[in-house]
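Where a number appears in this text, it was derived from the coordinates with a stated rule and is not lab data. Everything numeric here is computed off the predicted structure, so don't read it as measured data. Here Cβ is always computed from backbone atoms with ideal geometry, including for glycine, and neighbour counts include all displayed protein chains.
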């Protein structure tokens, strides 16, 4: 086989895939209908990820999405976990939709938007009178000069280009052609940010008693590249947790006084957080989301203060109750059960037979089984949600570009041509939007060129 034949063979091998890509695949990829379909699918699954609790334990989904009866007749916990609906935003199929949508927008930008922008930037002159008949707005005048029209257009912020054959071309509003490109770039940046956040972000939850230190360990949902985001060289301390109550006894707001500690245990930042007012440090955000009762401090007669843990009881949705057992004899043969609903309400004491023995509040005492039991303090615990999402600046940048592009897209791209030939002056123009405003502008321009038009000058009416 000769060298020429070899080159032809290689060329034929590569030409078939290129032809398929350009003629078959690329038109489908850049089709507006595909983009709309992908956008609707992304919106649908995003709603699913909002409605279905994300990052919970299998036991949670078994309890809330049973097999009988299944939600909508098919959505049980097994189906939910199999499809990855417990972590929608990190599933391969959701990320694939984002990538495909971003690829479609990018391809559309390079194959349609950029060529359209390039074409709009070219200087295109009309050198024949019949060319003006193709324009939506045109006029044939007996008066007027190119120099006069140039001055008028410059005053109206048109960019004017002079031709060599007694003609000119003017345009303004090129930003209107650039706007859709910026919109596409903004959407692609948002999609890229979403993918980056899914890969590198994490969500954790901690229930920490007041006065204790803690490290972020209970990670409930994390991307495959999230390890560098999880704090390792610093920790946290809950200096104090408290609740403000309304006059009727309801919870008004709960607060956590948090400190960030370095490796040496020194405080580097401190802030009191509450709902919708988090603490942020090194890309990690701590939200106030829940509260509980972790323990109680009591004194029996003149003994040292004893700290006992309290456990949350299962009330089947009938409110929250915490309980503990307090021994009243050193051999633990006798004791009382204590129940509490919140940090300020009445505490209930029950004996081993389930009989109510006494009711008291923190700071009060009661005689139980021959001893004086004093409630020194209830220890509250704060429920924190810890979140890191490195994609936030990227997504915000994408939204900013999107808004800028939308505003730019409303700018009209207007074009005007003029030709001076055979004692006649031809003027015409077109715009891509705001047609009525452009018609009025053309009328104003023509009025300045021919302030006293004669009958022949109006033979060719301005039409739209």
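Among the listed options (1) 121, 61, 47; (2) 123, 75, 52; (3) 64, 52, 49, the one matching Cα extents along the principal axes in Å as calculated from these coordinates is (2). When each of the peptides 330-341, 351-362, 282-293 is scored by how many other beta carbons lie within 10 Å of its residues on average, the order from highest to lowest is 282-293, 330-341, 351-362. Using only the Cα atoms of the range 285-443, build the gyration tensor, take square roots of its eigenvalues as a ≥ b ≥ c, and label the shape rounded, prolate or oblate: rounded if a/c is under 1.5, else prolate if a/b is larger than b/c, else oblate. Prolate is the answer for the range 285-443, as a/c is 1.5 or above and a/b outweighs b/c.
For the pair residue 302 and residue 212, the difference between a 0.36 nm per residue extended length and the Cα-Cα distance amounts to 29.7 nm.
In terms of the mean number of neighbouring beta-carbon atoms within 10 Å, the peptides 141-154, 191-204 order highest first as 191-204, 141-154.
The label-point distance for residue 25 and residue 376, in a model that sets each label 7 Å from Cα toward Cβ, rounds to 7.3 nm. A Förster radius of 25 Å, combined with the Cβ-Cβ distance separating residue 271 from residue 233, puts the computed FRET efficiency at roughly 0.80. For the range 232-247, the residues whose backbone nitrogen is under 13 Å from a point 7 Å from the Cα of residue 263, taken along Cα to Cβ, are 232-235.
For n ≥ 4 DSSP H runs only, could you compute -39500 (n - 2.57) per run for the chain, divide by its residues and tell me the 222 nm figure to the nearest 500? Intermediate results must be reported in sequence, preceding the final value.
Values: 11 runs with 150 residues, N = 464.
Rounded to the nearest 500, it is -10500 deg cm²/dmol.
A Förster radius of 45 Å combined with the Cβ-Cβ distance from residue 436 to residue 44 puts the calculated FRET efficiency at roughly 0.70.
Ranked by how many other Cβ atoms sit within 10 Å of their own Cβ, fewest first, the residues 42, 251 fall in the order 251, 42. Report the Cα centroid-to-centroid distance between the range 350-402 and the range 187-235 in angstrom, as an integer. The range 350-402 and the range 187-235 have Cα centres spaced 23 Å from each other. Here the label points at residue 60 and residue 337, each 7 Å from Cα along the C-beta direction, are separated by 2.9 nm in the simple model. Residue separation of residue 51 and residue 352 scaled by 0.36 nm, minus their Cα-Cα distance, works out to 103.9 nm of gained length. Quote the FRET efficiency, to the nearest 0.05, computed for residue 130 versus residue 403 with a Förster distance R0 of 25 Å and r equal to the Cβ-Cβ distance. The calculated FRET efficiency here is 0.05. Approximating the spin labels as points 7 Å out from Cα along Cα→Cβ, the residue 145-to-residue 159 distance works out to 2.7 nm.
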